Each structure stands twice: as structure tokens, then as C-alpha cells.
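Peer 1: Before I ask anything, let me first share the structure, which is written out below as C-alpha cells.
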Amino acid sequence: MANGNDYSGGGGAQMGPQDEQAYIAYLKQTFAQLPNDISLILFSRQGQQDIFSEANRKVIRAFRELTDKINFREFDLNHKEAQKYQVDLPSTLLIAPDRYHIRWIGAPVGEEGRTFLETLLLVGMGKSHLNEQSAKIIRNIDTPRDIKVFVSPSCPYCPQQAVNAVKAAIENPEMISLELIDIQCSPELAEQYAAHSVPQTFVNDMMIAMGAQPEELFASSVDKLEQQTIFIPDNDAELVELDVLIVGGGPAGLTAGIYTARSGLNTAIVERAALGGQVATTPIVENYPGFTSVGGKTLVDIMVSHALEYVQIFQGEEVIEVEIGFPIKVTTTRRRFETKTLLIATGATYKHLGIPGEDRLAGRGVSYCSTCDGPLFKGKQVIMVGGGNSAVTEALHLHNIGVSVTLVHRRDTLRAQEFLSKQLVENKIPVIWNTEVKEILGQERVEAVKLLNNKSGETSTMETNGVFIAIGYEPAVGLANKFGIELNDDGYIKQDGRHRTNIPGVYSAGDVEGGFKQIVTAAGQGSEAAIVIFEDLINPYWKQKKAV
């Protein structure tokens, strides 16, 4: 999951006319096959301008042009129907209230358009489409669960968690009610729950997840009313036999999947979180070859679409066990794999400051993703900690969406590219030089930070509503540590120059190896590793070593 100098701010790509027509025809056919009608009820303050209610009308109107399965009604908040359904917030959309307890506070736009489409299809089918293990957990819940998922249209991780919740509400409608809450539409509710990061999930007013979860972990968290971090699948989980299993769905893993599959190798990719890794949350990528400027999520979608032409992708699955041998046996949260080779492309994760208050206030004003959480801070004061490309890019993004941002950097010069540094000056974003954040202060949410000038030794306190951190990345080597892959002195996977690790048949590629942390280099390393794997499967180097 590459990061570093490749990243800068948002954007998007459009389908060509023929692709769009084919997609519309596909949707019409899919809706036509649904066995159930879909009832939608919107509550608004009629006579008052409400951008979220208007967005709902437009989106629903577009879907009604595709199908006659959707029945739409709209009422004022003062109407008796609002009292009947206990609705007191404008822009509240009830989805199939005759069968389920699902409501949407906000509008299904941006990334949440994906959630809305999948919700309509699931409701129309009348089936949750949870896998059997998750469905069993949800069906066995016998006391009420009130789920709230805070989301944002700009968050690529939100649809995964939101759809998890929709599936649960459909699977057990007697016990599970759901509210999907757009933090931009209802900032007061987000403040009430101190939900300053998305996606964030509460059940019966208790936080059970910060971020997106695999389906089984979500189901288990809802059941146990606290966040679960591991799920052991049943012994009869599906077995998949492969030539190559790739762990990680960032640029390195996706590229490797394309190359191994095109070489005739049976390949699959496992990714526990959002496909694309850090790229998916990058507003704009401005130096990826072939694109003058492209949204990070758009670039990821292009890569994923390409990879899906060749390989199976198992998203939302976490590897929990690896047994080295011939074949290599891998157990995820959903199934078992037997593979001749294993490629570790788990990328890197956000680096933390490691200061008091950081972990305690994470999701309550402390954030590592301006794309996901920035909109909640519109009109507020925040600081951005860091001085590289990522920090400057995210500071510019926050500034452009109406957040008052100050950059705090521990040195007297930036490490960012000159182009980005000039933009910082042109946008008059203040920079506090030679300064380190030593503590983040606040009770329920961020209120201030303690700063240290590392030149003068002076300390000060600065009031702020949020702390965004972009100080680099740490290799995601938790899996590698589990089964003895050697690391180098910097903590990255040690490889022999041809992406081979110390364990025969196990390879690495991308940011987990260190290096330049660019999207383009990660993709290149993925292709290199794929070619080496293909050559090694023809003539295994580990057999040669044994012969010697």
C-alpha cells in the first residue's frame, strides 16, 4: 500500500457513454429481477431549503427512472407520520419501514452512493447475503441492538461498515435497528457521540468499532457489545487451492495479481480493509504516469477493475494463521487456502506520535485521514502535524474544504516537493516551525495541544478542535512476525533483491519492504515479485538449495 511523494488532493473519472449505457442496462435488469418492492419515506422541513433532502430527492428520482419497484413518499417533520416513526431530524430517509428498521440521516451521495445501491438491492431481495458464519451470529441475537454508524461521503472505508450494518438489520429485523448518520448532515449528533472519525459504530450507545471491520468481526462485535479483534472460522470453512496467494490489496498486491494471473498462475488476493490502502484516501495523485491529476480513489478503482479481470479478490478477510510447508496453508477469518507460494504486500500503516492523549482521543479529534474526517471540522481550527508531501497535501485539502488549518513541523524546512510547498504559501496556510506536539489535551474531545519549540526550549499551549497527523508510515509486518519472516534493521521485510524472504515460497513487495514509498514503485515491485514467482514455480530455488 504505497504512500509518500505520490500523493496530493480529490478528483474523479467518468465512464464513457457506452460504459454508462451498459451499466444502466445492467441495473435495470437487476432491479427487474427483485421479488420485493422498496418503500422509501423522506422526512424534511418543507418550505425550507435543505441540501440533504434535495440530494435525497435527486438520487431517488434517478433510481426510480431505472425501476418501478421503488415507492417514494415525503412528509414534513410536523406530519403525524413523523410521530408514528419517531423521526425528529430533517433529511431522514426510512428504507422499507414496513419490514426493517433502517434509517438514513443525510443523503446517499459520494462514497455512500455505493452503500445506498447495495441497500436497495438487499432490501429488494429480502436477503442479507451475510455469509453463513456471520448470519448465524446475527440470527442468534435475542435482545435489541440499536446500531448507529457515522459515515461521510468522502470516506472510502465507510461503505464496507455501513453495508455490514444493513445486512445485520435485514438478517434479524426483530432485534436490530439501524441509523446511518452522515456527520456533515448531523454534526450535533456526531458531537454528542464524540464521533470525530469515520466510520465509527455504536451499538446501544456503546462504541464497538472505530473503522471498517470484516463482516464476521462486525457481527461478533454487535453480538458481544464490544469491539472484537479476532474471529476463528469453523473448521468446515471453504478451502481454496492456489498457485499464488497475495496478502494485501494495495498497488503492489493488485499489480502482482495481474502479472501472476496473466502468467497462467491460479491467483487470489486477500485484503482485510479497503482495497488500495493509503491510496484510497488520497485526495489527488498528480504524478502517476498517464494521469496529470487523478483522485486516489479513482486510481484505486481503475486498478481493482483491472485486477478483477484476472484474479479473485477476497475483501474484508484477515489472515489469522499461516502454516509453512508444501503447500503453504493460510487461514483467514472466512476460509482456508492452500497455496504453492505466498506474497506479502501488506504495505504500511500510519505512524503515531506516541504522546499522551493521542490514543485516548483517537476518533475524537485525533485523525490520520483528512479525506475521511476533514468535513466534520469545516469552520473549525485544526493543526496538521508533519512536513512531508502527505502532511502538506492534507493541509491543502483541509484548507480547500473550509477548515482553518495550521501546519506544525519539527524542522525549519519542509520535506515536501517544491510544488506543494509553493501551494502552501499561496494559500496562506500558517506554519509553526521547529515545534513538536508533546501532548494532546481534552476530556471527551480534543481541546488543545502542548507544543515544544525544540530550538528555544519554550513550551506553550494552543487551543485547537482537531489534530491531524501525517508523519509517515510504519511497515505492516504483524503477519510477517507471526511466522518468522526476517526483518531488516529498519523493521521492514528483509528480502534478497528478488523479493524472496528467508522462508522458501514466501515473497514480499511494496511498502512493507521499505524503499521510496511511491505508488508507481509499489506497482513495479508487485510486477517484479510476480515474475520471480512465476520463474521460481517453474524451477524452485529452494529445491536447488536442498540439492547443494
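Peer 1: Scan region 314-330 residue by residue and report those that are β-branched (Val, Ile, Thr), surrounded by fewer than 19 Cβ atoms within 10 Å (Cβ to Cβ) and in a strand (DSSP E or B).
Peer 2: In the first step, residues of region 314-330 are kept if they are β-branched (Val, Ile, Thr); the result is 319-320, 322, 324, 328, 330.
Then drop every residue that is not surrounded by fewer than 19 Cβ atoms within 10 Å (Cβ to Cβ), which leaves 320, 324.
Hit for region 314-330 is ILE320, nothing else.
Peer 1: Further, regarding this structure: Just a yes or no: is a residue in region 310-320 in contact with a Leu (Cβ under 8 Å, 6 or more places away or on another chain), closer than 26 Å to GLY276 by Cβ, among the hydroxyl-bearing types (Ser, Thr, Tyr) and not assigned by TED's automatic domain parsing to the domain that holds GLN192?
Peer 2: no
Peer 1: Within region 196-238, take every residue that is in a loop (DSSP other than H, G, I, E, B) and polar (S, T, N, Q) and give me the one that is modelled with the highest pLDDT. Can you show your working first?
Peer 2: Initial filter on region 196-238 (in a loop (DSSP other than H, G, I, E, B)): 196-199, 204-205, 211-214, 225-238.
Narrowing the set further to residues that are polar (S, T, N, Q) leaves 197, 204, 213, 227-229, 235.
On the way: SER197: 88, ASN204: 97, GLN213: 91, GLN227: 87, GLN228: 85, THR229: 76, ASN235: 50.
By that ranking, first place goes to ASN204.
Peer 1: Could you go through region 139-162 and let me know if any residue there is of a type in the set (Gly, Ala, Ser), part of a helix (DSSP H, G or I), buried (at least 22 other Cβ atoms within 10 Å of the Cβ) and assigned by TED's automatic domain parsing to the domain that holds ARG103. Steps first, answer last, please.
Peer 2: Initially, region 139-162 is screened for residues of a type in the set (Gly, Ala, Ser), giving 152, 154, 162.
The next check asks that each one be part of a helix (DSSP H, G or I); those that pass are 162.
With buried (at least 22 other Cβ atoms within 10 Å of the Cβ) added as a condition, the list becomes 162.
Narrowing the set further to residues that are assigned by TED's automatic domain parsing to the domain that holds ARG103 leaves 162.
The answer is yes; a qualifying residue exists.
Peer 1: Right, here's the next one. Scanning region 6-42 for residues that are in a loop (DSSP other than H, G, I, E, B) and at pLDDT 60 or above, which turns out surrounded by the most Cβ atoms within 10 Å (Cβ to Cβ)?
Peer 2: LEU34
Peer 1: Let me ask something additional. Please go through region 449-472 and pick out each residue that is farther than 17 Å from ASP373 by Cβ, touching a residue at least 60 places away in the same chain (Cβ under 8 Å) and either aromatic (Phe, Trp, Tyr) or loosely packed, with under 15 Cβ neighbours inside 10 Å (or both).
Peer 2: Of everything in region 449-472, just one residue is farther than 17 Å from ASP373 by Cβ, touching a residue at least 60 places away in the same chain (Cβ under 8 Å) and either aromatic (Phe, Trp, Tyr) or loosely packed, with under 15 Cβ neighbours inside 10 Å (or both), namely GLU463.
Peer 1: Run down PRO475, PRO504 and say which single residue is within 23 Å of LEU353 (Cα to Cα) and either touching a residue at least 24 places away in the same chain (Cβ under 8 Å) or surrounded by 19 or more Cβ atoms within 10 Å (Cβ to Cβ) (or both).
Peer 2: Details: PRO504 fails: within 23 Å of LEU353 (Cα to Cα).
Answer to the check: PRO475.
Peer 1: Additional query: Taking the condition of being within 17 Å of the chain's Cα centre (by Cα) and assigned to a loop (DSSP other than H, G, I, E, B), how many residues in region 239-297 meet it?
Peer 2: Residues meeting the conditions: 12.
Peer 1: Of THR371, THR333, which residue is surrounded by 22 or more Cβ atoms within 10 Å (Cβ to Cβ), modelled with pLDDT under 90, in contact with a Ser or Thr (Cβ under 6 Å, 6 or more places away or on another chain) and not charged (D, E, K, R)?
Peer 2: Step by step, each of THR371, THR333 is checked, and only THR371 is surrounded by 22 or more Cβ atoms within 10 Å (Cβ to Cβ), modelled with pLDDT under 90, in contact with a Ser or Thr (Cβ under 6 Å, 6 or more places away or on another chain) and not charged (D, E, K, R).
Peer 1: If you don't mind, there's one more thing I want to ask. Those residues that are aromatic (Phe, Trp, Tyr), part of a loop (DSSP other than H, G, I, E, B) and touching a residue at least 60 places away in the same chain (Cβ under 8 Å), I need them from region 70-112; list them, please. Walk me through how you get there before you give the answer.
Peer 2: Residues of region 70-112 aromatic (Phe, Trp, Tyr): 72, 75, 85, 100, 104.
Among the residues that remain, those that are also part of a loop (DSSP other than H, G, I, E, B) are: 85, 100.
Correct list: TYR100 only.
Peer 1: Does any residue in region 143-160 that is among the aromatic types (Phe, Trp, Tyr) come within less than 6 Å, Cβ to Cβ, of a residue that is in a helix (DSSP H, G or I) and surrounded by fewer than 24 Cβ atoms within 10 Å (Cβ to Cβ) six or more places away or on a different chain, and which pairs are these?
Peer 2: So the pair list comes out as PHE150/ALA190.
Peer 1: Okay, moving on. Every residue in region 133-181 that is more than 15 Å from LEU94 (Cα to Cα) and basic (Lys, Arg), please.
Peer 2: Once the filter is applied, which keeps residues that are more than 15 Å from LEU94 (Cα to Cα) and basic (Lys, Arg), region 133-181 yields LYS136, ARG139, ARG145, LYS167.
The values are calculated or read from the model by the stated rules, or taken from the named source; none is laboratory data. From a predicted model like this one, the values you see are computed outputs, not experimental measurements. Cβ: placed from backbone, ideal geometry, glycine included. Neighbour counts: every protein chain shown.
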